[in-house]
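Structure, as structure tokens:
The values are calculated or read from the model by the stated rules, or taken from the named source; none is laboratory data. Keep in mind that this is a model prediction, so the values were computed, not measured. Cβ: placed from backbone, ideal geometry, glycine included. Neighbour counts: every protein chain shown. The area values use the complete protein model at the heavy-atom level, side chains included, leaving out ligands, DNA and RNA. Shrake-Rupley method; radii C 1.70, N 1.55, O 1.52, S 1.80 Å.
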Amino acid sequence: MDSLTVLIFGLSFSFSFIFALGGIGSAAAIIPVLTWVGVPFNIARPTGLFINTLSMGGATYSNIKGGRLDFKLGLPVIVTSLVMAPIGAWSGHFFPTQYIMIALVIFLMFASCMMLFFKGLKGEVVYRDDHPFVGPAFVGVLAGFFSGLLGVGGGALISPLLILQGFNPKKIAAITAFAVPFSSLAGFITYALMGSVAWKIWIVAGVAACIGGYLGTSVMHKRMQPSAVKKFLGCILFLVGLRILLDMIFI
């Protein structure tokens, strides 16, 4: 292996492990990091989606096995995100890279604020137990489009938007982990079909993501404090977004 391949393996493993502790995909953070080490942006986006697909796939398997996944509530999110992810990926080829990077910075700042400051509903709360279509479907539309456009999984949009609709956060965590691989895979396939191909990078990053995601999920289930992990991830996303913004201003 050359030095870049080893570095990509290490980055994919590390980010997949750390972000799996918080139950989300790492694409939003790892895409700009890959560009900083020399991976072209048009390759970094599908690579991030591929990493998300594999790392969150392990978390979904764990949730299904443990009976924590509400399929009826998650189905509208998954269906609409599957439809919108390829549209977002296709649209990305018509926007200048600079505009997409600005959108990525906004997404990173939004995600970091949600993790650092959003606490959900307080007090004695009676969570919804119904299975509506319109609200979750709209969440899937937004998450799927931005997943494909930016090369992120969309989990940072799904979780807070469903919490605002009054659903149980524990149930939402399982739904988010289930939806992210679908939207990520749809966006990834679209990029691959449009010619953004780098199989060597994808295989190396994918193997590392599988290992890191599996280990991170295993550690998380051994009674880690999720609130502390989410604050840590929020800080990482904020710093990555700030670094991108500074690069755009001064370079």
- With θ set to phi - 60° and the Karplus curve 6.51 cos²θ - 1.76 cosθ + 1.60, what are the ³J(HN,Hα) couplings of region 142-154 in order, to the nearest whole Hz, using x for Gly and Pro? 5, 5, x, 4, 6, 4, x, 5, 9, x, 10, x, x
- Query: To the nearest Å, what is the center-to-center distance of region 179-200 and region 46-61, using C-alpha atoms only?
  - Reply: 11
- Query: Got a sec? Charge dipole of the chain, +1 on Cβ for Lys and Arg, -1 for Asp and Glu; which of VAL141, ALA174, GLN98 is way out at the positive end?
  - Reply: ALA174
- Relative to the chain, whose Cα atoms define the longest principal axis, helix 226-250 and its Cα axis are tilted in degrees, nearest 10, by 40
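Using r as the Cβ-Cβ distance of SER14 and ARG68, and R0 as 30 Å, what FRET efficiency do you calculate, to the nearest 0.05?
Working: r = 26 Å, r/R0 = 0.88.
Efficiency at R0 = 30 Å is approximately 0.70.
In whole percent, what relative contact order does region 60-183 give with Cα contacts below 8 Å and a gap of six or more residues?
Values: 163 pairs, mean separation 54.7, N = 124.
Once normalised by length, the contact order is 44 percent.
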- Under the Debye formula (equal points on every Cα, no solvent term), log10 I(q)/I(0) of region 1-130 at q = 0.13, 0.18 Å⁻¹: -0.72, -1.26
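Over all directions, what mean area does the Cα convex hull of the chain project, stated in square nanometres?
On the way: hull surface 51.6 nm².
So the Cα hull casts an average projection of 12.9 nm².
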- Message: Which order do the peptides 147-155, 127-135 come out in when sorted by mean C-beta neighbours inside 10 angstrom, highest first?
- Response: 147-155, 127-135
- Query: Per residue, how much accessible area does the chain have with a 1.4 Å probe, in Å²?
  - Reply: 47
- Task: Give, in whole angstrom and from largest to smallest, the semi-axes √(5λ) of the equivalent ellipsoid of region 134-230, with λ running over the eigenvalues of the Cα gyration tensor.
- Result: 25, 21, 8
- Whenever you get a sec, compute what percent of the accessible area on the chain sits on carbon and sulfur atoms (1.4 Å probe). 73
- Task: Might you report the magnitude of the Cβ-based charge dipole of region 1-128 about its Cα centre, with Lys and Arg at +1 and Asp and Glu at -1, to the nearest 20 debye?
- Result: 380
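Using only helices, what value at 222 nm comes out for the chain when you add -39,500 (n - 2.57) per DSSP H run of length 4 or more and divide by the total residues, to the nearest 500 deg cm²/dmol?
Numbers: 10 runs with 194 residues, N = 251.
For the chain, the value works out to -26500 deg cm²/dmol.
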- Message: Distance cut-off 27 Å, Cα to Cα: go down the list LYS171/LYS222; LYS170/LYS222; LYS171/LYS200 and report the pairs above it.
- Response: LYS171/LYS200
- Task: Using the Cα centre as the reference, give the magnitude of the dipole from point charges on the C-beta atoms of region 151-251 (Lys, Arg: +1; Asp, Glu: -1; all else neutral), rounded to the nearest 20 debye.
- Result: 400
- Item | Cα centroid separation, region 1-39 to region 75-103 (Å) | 21
- By average C-beta atoms within 10 angstrom, highest first, the peptides 105-112, 62-69: 105-112, 62-69
- Item | Max mean-square fluctuation residue, GNM over the chain, Cα-Cα springs under 10 Å, options ALA28, ALA137, ALA177 | ALA137
